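Quick notes on the structure that follows.
Taken together, the values in this text are just the output of simple stated rules run on the coordinates, not laboratory data. What you see is a predicted model, and the numbers here were worked out from it, not measured in a lab.
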């Protein structure tokens, strides 16, 4: 096995080396924090834009349903008005049929009784 030979420097050199490494790590951590903050801001903006698009879509769907509901209500009112006329006609037709049936029954009864 080959062993790497390292020169062991003085205490000041080793402390200076470690301080340099700690400074590098501090700068890297600071950069990571800034990147995370930037990413959070960017994601917040994208999420807000997405929510606004979804809200607009749902508003459009709601408007369509409201329009459909209004059309169905109008159609229902038209059908109700037409059936009101049918109700009146139906009453007259039933009345005529009952009157005719009574007249025929009376005529048959009179014919049977006259025999």
Averaging the inverse of every distinct alpha carbon separation and then flipping it gives the Kirkwood radius. What is it for the chain, in angstrom units?
25.1
Using alpha-carbon coordinates, inclination of helix 11-113 to the longest axis of the chain, degrees
0
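Suppose only helical runs count, i.e. DSSP H with n ≥ 4. What mean residue ellipticity at 222 nm does that imply for the chain under -39500 (n - 2.57) per run, divided by all residues and rounded to the nearest 500 deg cm²/dmol? Before the final figure, lay out each step's value.
Numbers: 1 runs with 103 residues, N = 115.
That comes out to -34500 deg cm²/dmol.
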